[in-house]
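Below: the structure, in structure tokens.
We did not get these values from a lab; they are worked out from the coordinates using the rules stated. What you see is a predicted model; the values in this text were computed from it and never measured. Because the Cβ atoms are built from the backbone with ideal geometry, glycine has one as well, and the counts that use them run over all protein chains shown.
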Amino acid sequence: MINVLYVEDILQWQDALKELLLQYGIAVTCYRTGDALVNAILADNTDTFEAVLVDWWLYEDDGETRQLMQGDDIYEEIKKLKPYLPQYVVTQEDDLDRITNTILARCHFRRFFSKKWIYEENRTMIEDFVNDIRLSVQNMRTMMANLPQHASWDLFKPLYFEFRFNNKDAWEYFEAGIMDEVERIRNADFDKKNTIARKLSVKIRGAIQIKNILLARRVILSELLWFGGCWHDVEVKLGYEEEPNTVYENQYRIYDGGFRTHCNALGFRPDELRTKGQGLLLEEKQWLQVFCSKYDIPYGFPIT
């Protein structure tokens, strides 16, 4: 069962959409105002609700006075609170060009639902809409299940979500160029005064830089797979000094305190990566498969 929220000022439409979607295994909780819906999302600490349906025009009981919060206002509030939640707009319109040039030009809803589909019994459009909800929710569940569990990510999650979901163009640009950026860093000269920690400072003037964090994680992950899971080889490659005349019997351990601190700051738990590869973002796993294919490296965990 998928649980979604729906803000709609007309009770008849609340009942109609609620009854319709329940036939497809989607439970709908309805609210009449944007304030009530936003408050419900604020109170939903366990992410019980997995998608949001937003009526574009909302009116008071007199049917003429517009409510303070309209569809675009609600959309923006939800993006601030939980940007990973899939949002859909509900409208009386079914003209795609008109909706694209008005509603979808202002807000990046995943897609729209037309109320006309209900009384016209347009099953094709309804089922396409339902399938998109299912796919979006499944992708969101997978993404959330793959979030690193290290305590550092209590700080990183809001920044990651904002970067990942609030600016689609910025995220796509980042993903498009990250392979070249990783290669540039991997091929750089490292030494004890010029480690990856210095090349990619986790904090710049007190502000956490999520791009640097994500890039540093991929550099370390790519080196880890390159060296077959040998953390010591990775730390040496990235400029963390070996102690003279020291015998390193276990190549799968981290020995340098500075490198261990940096990995912790980036949200890594080395033990997780030695077992099932837990604690990796979904897009990191996808990117690593491409990286391994490029260099003919076996991909998979454990990699020891």
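Measuring between alpha carbons in the structure, the pairs from LYS80/LYS157; LYS18/LYS80; LYS82/LYS168; LYS211/LYS285; LYS157/LYS285 lying more than 22 angstrom apart are LYS18/LYS80.
Each of GLY71, SER152, LEU81 was placed along the dipole of the chain (beta-carbon charges, centred on the mean Cα), and the one lying farthest toward the positive end is SER152.
Here are some values of mean projected area of the Cα convex hull in nm²: [x] 14.1; [y] 15.2; [z] 19.0. Which one was computed from this structure? Computing mean projected area of the Cα convex hull in nm² and matching it to [x] 14.1; [y] 15.2; [z] 19.0 gives [z].
If we count every other residue with Cβ under 12 angstrom of HIS150's Cβ, Lys/Arg +1 and Asp/Glu -1, where does the sum land? Provide the component values of the computation, followed by the final result.
Values: positive: LYS157, ARG217, ARG269; negative: ASP154, ASP271, GLU272.
That works out to 0.
Taking 0.36 nm per residue of sequence separation and subtracting the Cα-Cα distance, how much length would be gained by fully extending the chain between THR29 and TRP171, in nm to one decimal?
Numbers: separation 142, 0.36 × 142 = 51.12 nm, distance 3.16 nm.
Answer, rounded to one decimal: 48.0 nm.
Using only Cα atoms, find the angle between the long axis of helix 153-165 and the longest principal axis of the chain, and express it within 0 to 90 degrees, rounded to the nearest 10. Between the helix axis and the principal axis of the chain, the angle is about 60 degrees.
Between rounded, prolate and oblate, where does segment 71-176 land on the alpha carbon gyration tensor, with a ≥ b ≥ c its root eigenvalues, rounded for a/c under 1.5, else prolate if a/b exceeds b/c? Taking the square roots of the gyration eigenvalues as a ≥ b ≥ c, segment 71-176 is prolate. In order along segment 92-99, phi translates into HN-Hα couplings of 7, 6, 9, 8, 4, 4, 5, 5 Hz, rounded to whole numbers, per the Karplus curve 6.51 cos²θ - 1.76 cosθ + 1.60 with θ = phi - 60° and x for Gly and Pro. Hey, what number do you get for the chain at 222 nm if only DSSP H runs of n ≥ 4 count, each worth -39500 (n - 2.57), divided across all residues, to the nearest 500? Rounded to the nearest 500, the figure is -16000 deg cm²/dmol.
Rounded to the nearest 0.05, what FRET efficiency is calculated for ASN45 and ILE10 with R0 set to 22 Å and r the Cβ-Cβ distance?
Values: r = 30 Å, r/R0 = 1.36.
Once rounded, the FRET efficiency stands at 0.15.
Residue-wise HN-Hα couplings along segment 240-256, as the Karplus relation 6.51 cos²θ - 1.76 cosθ + 1.60 with θ = phi - 60° gives them from phi, are 8, 5, 7, 6, x, 6, 9, 9, 9, 7, 10, 6, 8, 9, 9, 9, 7 Hz; Gly and Pro carry x.
Relative contact order of the chain: what whole-number percent is it, with Cα pairs under 8 angstrom and at least 6 residues apart? Normalised by residue count, the contact order of the chain is 14 percent.
Under 1.5 on a/c is rounded, so check that first for segment 30-79, then, if it is not, pick prolate when a/b is larger than b/c and oblate when it is not; a ≥ b ≥ c are the square roots of the alpha carbon gyration tensor eigenvalues. Before the final figure, lay out each step's value.
Values: a/c = 2.48, a/b = 2.03, b/c = 1.22.
Because a/c hits 1.5 or more and a/b exceeds b/c, segment 30-79 counts as prolate.
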